[in-house]
Structures are given as structure tokens and as C-alpha cells.
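The structure appears below as C-alpha cells.
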Amino acid sequence: EDLPRPSISAEPGTVIPLGSPVTFVCRGPVGVHTFRLQRDSRSTYNDTEDVSQVSPSESEARFRIDSVTERHGGPYRCIYYKSRKWSAESDSLEL
């Protein structure tokens, strides 16, 4: 069965003053083992197994950047690992 695509959002938003923090929030179905935040078409990524269940049907992971610099700009996507396979990519989010 195909896994549902994850969603990605940014808090407080996608326009961040330099030096300020931002948190990417990746959401997927319950039972996700690992979330991955990808950048620059998969060449740069962070994985986390710190996944929390936020509702009976949804889980999420948070990726924080403490101090945004110009090099953090660009497109970001989420994928996740569940049932021994990776999901499709989320929509792209431009920081």
C-alpha cells in the first residue's frame, strides 16, 4: 500500500529574519519511525526518531534551526520511514 504523503510547515513562518530561530514541523500518519527533513534535492538532510503523536491519526517531528543564516535559505521537504519503506516527499517549502 502507498504511504500517505507527509506535510511540512514552518514556525513562526517561512520568512525569518537572519539570526532568528525557525522550526520545521513534519507531519505524517501514526506509526512513523523516522522523519527526515531534506534540502537541496536530498543531498542534505537531518533524520530524527523523536516522533510524537499529536492526535489519534497523526504524528509529527520538529526540526529547529536556532539561528537562521543566508545559507539556510532554499527548498525543504519532509519524508518519513514506516513499515520498512520511505514515503513520497511532501510539497516543497521555501525558507
*Relative contact order, percent, of the chain when contacts are C-alpha pairs under 8 Å separated by at least 6 residues?*
37 percent
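Which order do the peptides 85-93, 44-52, 19-27 come out in when sorted by mean C-beta neighbours inside 10 angstrom, highest first?
Final packing ranking: 19-27, 85-93, 44-52.
Using the crude model of +1 on Lys and Arg Cβ and -1 on Asp and Glu Cβ, and no other charge, please compute the dipole size for segment 7-94 relative to its Cα centre, in debye to 20.
Around 300 debye, computed over segment 7-94.
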*Determine ³J(HN,Hα), in whole Hz, for all residues of segment 66-79 in sequence, where each value follows from phi through the Karplus function 6.51 cos²θ - 1.76 cosθ + 1.60 and θ = phi - 60°; x replaces Gly and Pro.*
6, 9, 6, 10, 4, 6, 7, x, x, x, 10, 9, 10, 9
*Please sort 29-40, 54-65 by packing, taking for each peptide the average over its residues of neighbouring beta carbons within 10 angstrom, highest first.*
29-40, 54-65
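Every read-out reported here was derived from the displayed coordinates using simple, explicitly stated rules and does not represent laboratory data. In this text the structure is predicted, and so the values were computed from the model without any measurement. Note: ideal-geometry Cβ built from the backbone for every residue, glycine included; neighbour counts use all protein chains shown.
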